[in-house]
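The values are calculated or read from the model by the stated rules, or taken from the named source; none is laboratory data. In this text the structure is predicted, and so the values were computed from the model without any measurement. Here the Cβ positions follow ideal geometry from the backbone for every residue, glycine too, while neighbour counts run over all protein chains shown. What goes into the accessible areas is simple: the full protein's heavy atoms, side chains included, and nothing from ligands, DNA or RNA. Shrake-Rupley method; radii C 1.70, N 1.55, O 1.52, S 1.80 Å.
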Amino acid sequence: MTKIAVTSEGPSMQDMVDPRFGRAGGFVVVDPETMQHEYVDNGSSQAMAHGAGIQAAQNVADSGAHVVLTGYVGPKAFDALKAVGVKVIQNLDNMSVEQAVQRYKSGDVQYADQPNK
Amino acid sequence: MLISIASGKGGTGKTTVSASLAAIWDGPVTAVDLDVEEPNLHLFLNPQVESEEKVYLSVPEVDESKCNLCRECSNLCQFKAINVMGSTILTFPEMCHGCGGCMAICPENAISWGRRELGTLSRGKTGPNNFLMGSLRVGEAMSPPLMRAVKERLAMDLTERPGDAIIDAPPGVSCPAVCAVMDTDFILLVTEPTPFGFHDFKLAVEAFAPFKKPMAAVINRSGLGDNSVEAFCRENNIPVLVHIPFDKDIAGAYSRGRVIADLNPGLKSLFVQLAESIKEMGAGGRDA
Ligand code: SF4
Ligand code: SF4
């Protein structure tokens, strides 16, 4: 099944979703079927003065994920994700990574057709 | 002297003032329209356009058939203007600073300079004076690079034929407006004595004050609204150079695209007075 990347404040499924995409602490990359997951650090884009969102999109693309769950995505990052065919689901902040993944599995989510930031 | 005519918001009569000042200016002057998103100074000055040239921005272009996705360019670029994502190479020309580093490092020679049309630079004459205008291409998001091209052309023209320039700046206080006024010698703010006018006027004063240029105000449609603009100007040491009365004839002339300084001797002397005050203040600013 499609792997999903969830922006997160820490490496585990119990960590909170980081609302920011571009400057997220990292991504928990999850296989929703097995719930197997790994953590991808996003520190490289946190430190950037320019293009953090694009760097983060690159990190997601490199992780092999095809869907992003997050709080909000900026316009450049959105374009970058779209160009590489990664789908975006926004407004999933204020919950743990695990809860966000459950929401995704339940189907109670909407794919974004534009950035919300 | 370069004089920029600015306003915190559109519709205050900025272009009317620019056109009239250029029309009555004593000595050689170039009328410049830097409101590249919506240039309209030409509607008032009816210049004879002598030349038009396209202005381009250099941006990297990747030949995907040559690219091996090695990521050298993407790792090098500090601005994330060129990126390899998965098996796609993506460029963001609007983030590119044009350093050429990606081209130099690419092992496959897959990158070359491409260009994007920014808009058109027009030159001409209005009476004895020069006229310069930038018009942004429809769909182009960035105005400062085109504005810079217009300013460079102005600087070249002025070394050939010294004189002053009256620059119609974009309205508002965003990046293009700042780009227009920052390297002029004098900022003239056109405002209206209404609450909205006052609000936007204050924003403009705040945005432009850090450049420490001589700054003065013109109150248009004077007689409307209240005195808050004037009180604010007094407190902040911004001289109000003239008041343009609110009157039907002026509004009518404006809608017909006429230069209001040509309307009657009273208005003409108002603008002559304005021009003299600007020259005096500008000279003072340079001595200081
Ligand atoms: S020219 Fe410089 S700024 Fe532009 S994409 Fe290449 S490396 Fe980046
Ligand atoms: S350096 Fe050249 S070959 Fe390598 S990814 Fe960039 S464009 Fe492609």
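Between the helical axis of B:195-208 and the dominant principal axis of chain B, each derived from Cα atoms, what acute angle in degrees is found, rounded to the nearest 10?
60 degrees
Which residue, B:Ala180, B:Ala81, B:Ala165, tops the fluctuation ranking in a GNM of chain B built on C-alpha contacts under 10 Å?
Comparing B:Ala180, B:Ala81, B:Ala165 in a Gaussian network model of chain B, the most mobile one is B:Ala81.
Toward the positive end of the charge dipole of the stretch A:4-106, about the Cα centre and with charges on Cβ (Lys, Arg +1; Asp, Glu -1), which of A:Pro75, A:Val97, A:Ser44 goes farthest?
A:Pro75
So how do B:130-140, A:51-61 stack up, highest first, on mean other-Cβ count within 10 Å?
Descending mean neighbour count gives A:51-61, B:130-140.
GNM, chain B, Cα, under 10 Å: largest mean-square fluctuation among B:Met182, B:Met156, B:Met147?
B:Met156
Classify the protein assembly as shown: rounded, prolate or oblate, from the alpha-carbon gyration tensor (a ≥ b ≥ c, eigenvalue square roots; a/c under 1.5 rounded; otherwise prolate if a/b is larger than b/c)?
prolate
Roughly how big is the stretch B:197-288's charge dipole about its Cα centre, with Cβ charges of +1 (Lys, Arg) and -1 (Asp, Glu), in debye to the nearest 20?
Computed about the Cα centre, the dipole is about 240 debye.
If I fit a long axis through the Cα atoms of helix B:144-160 and take the longest principal axis of the Cα atoms of chain B, what angle between them do I get, 0 to 90°, rounded to 10?
The helix B:144-160 is inclined about 60 degrees to chain B.
If I model a spin label at B:Leu43 and B:Gln273 as a point 7 Å from the Cα along the Cα→Cβ vector, what separation in nanometres do I get?
2.9 nm
Can you list which of the trypsin sites (Lys or Arg not before Pro) found in the stretch B:192-225 are DSSP loop residues with at most 13 other C-beta atoms within 10 Å?
Listed in order of number, the matching sites are B:Lys212.
Given charges of +1 on the Cβ of Lys and Arg and -1 on the Cβ of Asp and Glu, with all other atoms neutral, how large is the dipole of the stretch B:58-117 about its Cα centre, in debye to the nearest 20?
120 debye
By how many nm would the segment from B:Asn237 to B:Ile105 lengthen if fully extended, with 0.36 nm per residue of separation less the alpha-carbon distance?
Net length gain for the segment: 42.1 nm.
Treating the beta-carbon of each Lys and Arg as +1 and of each Asp and Glu as -1, no other charges, what is the dipole magnitude of the stretch A:4-106 about its Cα centre, to the nearest 20 debye?
Dipole magnitude for the stretch A:4-106 comes out near 400 debye.
By the gyration tensor of its Cα atoms, with a ≥ b ≥ c the square roots of the eigenvalues, what is the shape of the stretch B:58-117: rounded for a/c under 1.5, prolate for a/b over b/c, or oblate?
In terms of gyration-tensor shape, rounded.
Can you give me the relative contact order of chain B as a percent, contacts being Cα pairs under 8 Å and 6 or more apart?
27 percent
What residue among B:Ile278, B:Ile105, B:Ile244 shows peak mean-square fluctuation when chain B is described by a Gaussian network model with Cα springs under 10 Å?
For chain B, modelled as a Gaussian network with Cα springs under 10 Å, the answer is B:Ile105.
Using DSSP, restrict attention to beta bridges with both residues in the stretch A:4-106 and report what percent are antiparallel, rounded to the nearest 5.
The antiparallel fraction comes to roughly 65 percent.
Taking the Cα centre of the stretch A:4-106 as the origin and placing charges on Cβ (Lys, Arg +1; Asp, Glu -1), which of A:Ser106, A:Met16, A:Met35 is farthest toward the positive end of the dipole?
Positive-most Cα among the choices belongs to A:Ser106.
Stretch A:Ala49-A:Gln36 to full length: gain in nm at 0.36 nm per residue minus the Cα-Cα span?
Net length gain for the segment: 1.4 nm.
Write down the accessible area per residue of the stretch A:4-106 in Å², having rolled a 1.4 Å probe over the full set of protein chains.
I get 40 Å² per residue for the stretch A:4-106.
What part of the accessible area of the stretch B:17-138, given as a whole %, is carbon or sulfur when the probe is 1.4 angstrom?
So the carbon and sulfur contribution to the accessible surface is 45 percent.
Please compute how much accessible surface disappears when A pairs with B, both sides summed, using a 1.4 Å probe, and round it to the nearest 100 Å².
Separately minus together, A and B give about 1100 Å² buried.
Using a 7 Å offset from the Cα along the Cα-to-Cβ direction at both B:Asp249 and A:Gln99, what is the distance between the two label points in nm, to one decimal?
Once both label points are built, they end up 7.1 nm from each other.
First check a/c for the stretch B:1-69, with a ≥ b ≥ c the square roots of the eigenvalues of its C-alpha gyration tensor; if it is under 1.5, answer rounded, and if not, answer prolate when a/b is larger than b/c or oblate otherwise.
In terms of gyration-tensor shape, prolate.
Around B:Cys106, with a cut-off of 13 angstrom between Cβ atoms, what is the net charge of the other residues, counting Lys and Arg +1 and Asp and Glu -1?
Spelling it out: positives minus negatives among the neighbours equals -3.
Given contacts defined as C-alpha pairs under 8 Å and at least six residues apart, what's the relative contact order of the stretch A:4-106, whole-number percent?
Relative contact order comes out at 32 percent.
Each residue of the stretch A:5-10 in order: what ³J(HN,Hα) in whole Hz does its phi give by Karplus 6.51 cos²θ - 1.76 cosθ + 1.60, θ = phi - 60°, with x for Gly and Pro?
After applying 6.51 cos²θ - 1.76 cosθ + 1.60, I find 10, 10, 5, 9, 7, x Hz.
Compute, for B:Cys99, the solvent-accessible surface of its heavy atoms (probe 1.4 Å) with the complete set of protein chains present, and express it in square angstrom to the nearest 10.
Accessible surface of B:Cys99 is approximately 110 Å².
Please determine, in degrees from 0 to 90 and to the nearest 10, the orientation of helix B:265-287 with respect to the longest principal axis defined by the Cα atoms of chain B, where the helix direction is its Cα long axis.
On a 0 to 90 degree scale, this one is about 60.
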